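In what follows, a structure is listed as structure tokens, so that the remarks can point back to it.
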Ligand SMILES: [Fe+2]
Ligand SMILES: [Fe+2]
Ligand SMILES: [Fe+2]
């Protein structure tokens, strides 16, 4: 078990990939905002620590956005009514996550105009950091239509001019000045191309002292991301958190303990993180899915697997989480792995996932009664898809598990 070797830079970078998936078509918004904000901070001679933490804030700034429709508004308009919603949500999530709670206040104000920020009782440092996020964020919105095309090199002077007209109104004059200083060269814009962006983030990570996360901190991070995923749809409220509780309890019933137990819980919390890429139009759809929609839905567990591999490369978490739609018959997805290769922990999470989902309302059905759910699980066991022992353990203590699922 190497969970204790995970450092905060790679964890935040990888998890921000999941947040960026909400953009669907344009999936690196958070990372570009991060890199732009850090470049301006460095130009202003902010300390290494301040420049690095604004990079992390940039990557996480839209953690209050789970729904694709909201993401579109964010990336298509400079200002819009209702922008505050995701700032408040994001700040809430972060303040409940001790390793990142110090970023909460700046995320809270990352869509507040400078002229309004000046009137608020906010600490000077937070005010400037929040506004730097706002500036970097809006720069990215202005450049998005021209990204990855040669046009950005033609359009960037107009973007700089536009930002200058907003100095003192939307943005702090000193930040606008710093941006204008560093952005008047092609290299600034070309560095935003996907492969360069990823390389730069990796390089930054390799040049900073490693800050290792302990298990409680990792769990807090996982809990934060589970909240973002569950907020995707009113139907999946608390789904990941409850799956994690059920899986943890099942694992305890099977005698699993220590690091292994903690990993089961983290895998449960993060099993649906790949769903951030799936449109809520599909998740909330009341009737049957089209072939195309089903295919989009089915990619989520593979995305989960790949995202978690970036964070937990040396652990079993990517497998335990990413295999939650595999079946013992080998007709699940995305690997079609058969029983002999499915760890007990994979089988536990698969059962916990179905159990909780059946107990919860879905757009196409009511929540099911405990009796119905146990029958349903039994029929899946009889068909050879779900693990008989896991379902038996759950059935032994059915009332307790039902409480973990819904109450
Ligand atoms: Fe935002
Ligand atoms: Fe799933
Ligand atoms: Fe799930």
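Laboratory data are not the source of any read-out in this text; all were calculated from the coordinates shown. The model shown is predicted, which means the values in this text are computed figures rather than measured ones. A quick note on method: Cβ atoms are made from the backbone with ideal geometry, for glycine too, and the neighbour counts reach across all protein chains shown.
Numbers at a glance
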read-out	value
Shape of the chain, Cα gyration tensor, a/c cut at 1.5	prolate
Taking the chain and dividing mean pair separation by its residue count, relative contact order in percent (alpha carbons under 8 Å, at least six apart)	16
Nitroxide proxy distance, nm - points 7 Å out along Cα→Cβ at residue 396 and residue 118	6.8
Most fluctuating residue given options 316, 219, 119, as computed from a GNM of the chain linking Cα atoms under 10 Å	119
Helix-only CD estimate at 222 nm, as mean residue ellipticity for the chain, using -39500 (n - 2.57) per DSSP H run (n ≥ 4)	-19000 deg cm²/dmol
Helix 258-270 vs. the chain, principal-axis angle (Cα, 0 to 90°, nearest 10)	70
Square roots of 5 times each gyration tensor eigenvalue, C-alpha, region 198-256, largest first, Å	30, 19, 8
Among 156, 364, 109: highest mean-square fluctuation, GNM of the chain, C-alpha pairs under 10 Å	364
For region 215-406: rounded, prolate or oblate by the Cα gyration tensor [a/c cutoff 1.5]	rounded
Principal axis box of region 3-206, alpha-carbon based, largest edge first, Å	46, 41, 37
Region 316-393: C-alpha gyration tensor shape, a/c 1.5 cut-off, then a/b vs b/c	prolate
Förster radius 45 Å - calculated FRET efficiency between residue 169 and residue 102, Cβ distance, rounded to 0.05	0.95
Fewest-first ranking of 347, 310, using other Cβ atoms within 10 Å as the exposure measure	310, 347
Distance (nanometres) between label positions extended 7 Å along Cα→Cβ at residue 206 and residue 45	3.0
Simple spin-label estimate for residue 338 and residue 313 in nanometres, 7 Å along Cα-Cβ	3.2
Region 173-281 - Debye-derived log10 I(q)/I(0), Cα point model, q = 0.12, 0.16, 0.23, 0.24 Å⁻¹	-0.68, -0.90, -1.12, -1.16
59, 192, 297 arranged by Cβ crowding within 10 Å, fewest neighbours leading	297, 192, 59
Length-normalised contact order for region 3-206 - Cα pairs under 8 Å, 6+ apart - percent	20
